[in-house]
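No value in this document is a laboratory result; all are computed from the given coordinates. Bear in mind the structure is a predicted one, so any value in this text is a computation, not a measurement. Positions of Cβ are generated from backbone atoms using ideal geometry, with glycine treated the same way; all protein chains shown enter the neighbour counts.
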Amino acid sequence: MSEKVKFTLEYEIKSSPKILYSFISEPNGLSQWFADEVHYRDQVFTFIWDDGEEQKARLTSAKENKTVKFSWLGENEGYYFEMEISKDELTNDVALIINDFSRAENLKDRQLIWDNQIDTLLSVLGA
């Protein structure tokens, strides 16, 4: 199997950084767009999807209203995904920057998954 490669995606989000941060850092916010259920205990988030898939990740860093980084546990250990809120000081435009990893052969599918998840986030935010 091939090694995973890092990729970065950027999405314009019409929301304040403070509101957006709650959706990327808190179990209740994440369960509205990222996974169907999100549980949190001892710095570990458990993400559960309707298809029965369950993955655990440790919150390894967080900067309020700016960024969160989750390091995968289990079979994906050694990889992480990060969500960073960027605000343009001139235009006040807000963007969500995603850093994630995927095998090269699955890269387009992984990007499509993020696109779909962000569409759900935008809908929840009313953006």
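Observations, loosely collected:
- For the stretch 52-127, radius of gyration divided by Kirkwood radius, i.e. Rg to Rh on alpha-carbons: 1.00
- Computed label-point distance, nm, for sites N65 and I113 using a 7 Å Cα→Cβ extension: 3.2 nm
- Taking a point 7 Å out from the Cα of L9 in the direction of its Cβ, the residues of the stretch 111-127 whose backbone N falls within less than 16 Å of it are 111-124.
- Flagged links, alpha-carbon separation over 25 Å, of K56/K108; K6/K69; K4/K87: K4/K87
- Computed 3J(HN,Hα) for the stretch 28-42, one whole-Hz value per residue from the Karplus formula 6.51 cos²θ - 1.76 cosθ + 1.60 where θ = phi - 60°, is 4, x, 5, 6, 8, 8, 8, 9, 6, 9, 9, 10, 9, 7, 6, glycine and proline marked x.
- Bridgeable aspartates and glutamates around K14 (alpha carbons under 18 Å apart, same-chain partners fewer than 8 residues away excluded): E84, D88, E89, D93, D115, D119.
- Relative to the current alpha-carbon distance between Q43 and K87, full extension at 0.36 nm per residue lengthens the span by 13.1 nm.
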